[in-house]
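*Asks:* The structure under discussion is supplied below as structure tokens; questions concerning it will follow.
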Amino acid sequence: MRNNFSDIPPLDKTVPGVQAIEQLLQPRLHVLYRRRAERLRVLDSADGGSDEVSSSYLGFAARLVEEQARFVEETPLSAEQAMPISALLGDGLSAAEKPSVSLLESSVYWQDAFKAFVRILSPQMPQQIAASLHDLTQSDKATLAAKASALLNGTYEDVEAGASVFLWAGLSVFWSQAVALAQPHGAGEEAPVSHGASCPCCGAPASGGLVLTGDREGLRYLQCSLCETRWHKVRAACTMCGGTEHVDYWSFDTTDAPIQVETCGDCHGYIKLFRQDRDPDLEVVADDLASLGLDAALEEQGFIRAALNPFSFPSR
Ligand SMILES: [Zn+2]
Ligand SMILES: [Zn+2]
């Protein structure tokens, strides 16, 4: 276990006795982005990408993550800029609220991030997609806010798939810093309010589940696709409906494969679990993207994906 390369801060060993399970884990964002970009590049070079996700797309995702890291480093969010989001976050008593279109319109931080990502990365994209992304950066704030609102409310089909990835990348650098600045309640023992596989801080869907290693061996957390918070979920209960009767775990290739899939016969949802206890190099977003072939097999069995990958939106 390369603890110094984990984006999760180590446990405070100076506290005596058995420590309570932390309900929320906030990542060290710069380490998270670095790990994600490096993992995408490793997966990119490993097998040339799966049939569903071409190798060049994993490389593109790595470049976008590197730009997210650079944006956060060069233009960190101020407490004042974070304030409108702080008011919406779940507080341990109530669930997170979705932002209004007018809030999204007036918060320019994420729009600046979106435009920067398009400006830097679109020259490497197919001409037609690059042109439509460029047009979108020239549109008014109301248009951008309406598209962002559609994504945050889960109506992904209302936004072109190419634009979704860039808009979400901009929204994500905004939310992840805002949540970290707010130091949400629930970071202690109190279980945060969470509906299904939705983040208790911001309400966005999980990207997947993570079984930790090291100091927190075996504990399961879900990871937010928007604000990157991890929240604790007990194992052996469905992450989506909480049912315990018909939860099954599937492995592919070998029984101790590092990627496991949890399916539920009650709600017919499924979510991938990334077993860092079996392979500490796994990264939820990167390894999910590189294993989308598993999803096709599960969907053929009638299961519905509960997770959202910020690089693969359900398209229209
Ligand atoms: Zn979140
Ligand atoms: Zn279920």
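The values are calculated or read from the model by the stated rules, or taken from the named source; none is laboratory data. Values in this document were obtained by computation on a predicted structure and should not be read as measured data. Cβ placement follows ideal geometry from the backbone for every residue including glycine, while neighbour counts extend to all protein chains displayed. We work out accessible area using only protein heavy atoms, side chains counted, and drop any ligands, DNA or RNA first. Shrake-Rupley method; radii C 1.70, N 1.55, O 1.52, S 1.80 Å.
*Asks:* Kindly establish whether residue 245 is assigned to a loop (DSSP other than H, G, I, E, B), away from ligand 1 (no atom under 16 Å from the Cβ) and out of contact with any Cys (no Cβ under 7 Å at 6 or more places or on another chain).
*Replies:* yes
*Asks:* Can you say whether residue 279 is under 27 Å from residue 60 (Cβ atoms), touching a Pro at 6+ places or on another chain (Cβ under 7 Å) and open to solvent by 20 Å² or more (accessible area, probe 1.4 Å), as far as the supplied structure shows?
*Replies:* When the stated conditions are applied, residue 279 passes them.
*Asks:* Can you name the condition, by its number, that residue 253 falls short on among (1) without any contact (Cβ under 8 Å) to a residue 12 or more places away in the chain; (2) of a type in the set (Asp, Glu); (3) open to solvent by less than 30 Å² (accessible area, probe 1.4 Å)?
*Replies:* Exception for residue 253: condition (3).
*Asks:* Related question: Would a scan of the stretch 138-151 turn up a residue that is within 21 Å of residue 57 (Cβ to Cβ), in contact (Cβ under 8 Å) with a residue 40 or more places away in the chain and part of a helix (DSSP H, G or I)?
*Replies:* Yes, the stretch 138-151 has at least one match.
*Asks:* Quick one: would you say residue 123 is over 19 Å from the mean Cα position of the chain (by Cα), over 30 Å from residue 23 (Cβ atoms) and in a helix (DSSP H, G or I)?
*Replies:* Judged against the criteria, residue 123 is a match.
*Asks:* Restricting attention to the stretch 197-215, which residues are open to solvent by less than 20 Å² (accessible area, probe 1.4 Å) and either under 21 Å from residue 6 (Cβ atoms) or within 16 Å of ligand 2 (Cβ to nearest atom) (or both)?
*Replies:* 197, 199, 201, 206, 207, 208, 209, 210, 211, 212
*Asks:* Further question on the same structure: Determine, yes or no, whether residue 99 is open to solvent by less than 20 Å² (accessible area, probe 1.4 Å) and not in a helix (DSSP H, G or I).
*Replies:* yes
*Asks:* One residue is enough: does the stretch 221-232 have a residue meeting the conditions small (Gly, Ala, Ser), within 26 Å of residue 89 (Cβ to Cβ), buried (at least 16 other Cβ atoms within 10 Å of the Cβ) and over 17 Å from the mean Cα position of the chain (by Cα)?
*Replies:* Checked against the condition, which is being small (Gly, Ala, Ser), within 26 Å of residue 89 (Cβ to Cβ), buried (at least 16 other Cβ atoms within 10 Å of the Cβ) and over 17 Å from the mean Cα position of the chain (by Cα), the stretch 221-232 yields no hits at all.
*Asks:* Here's another thing I want to ask about it. Would you mind finding the one in 142, 161 that is under 24 Å from residue 204 (Cα atoms) and in contact with a Ser or Thr (Cβ under 7 Å, 6 or more places away or on another chain)?
*Replies:* Answer to the check: 161.
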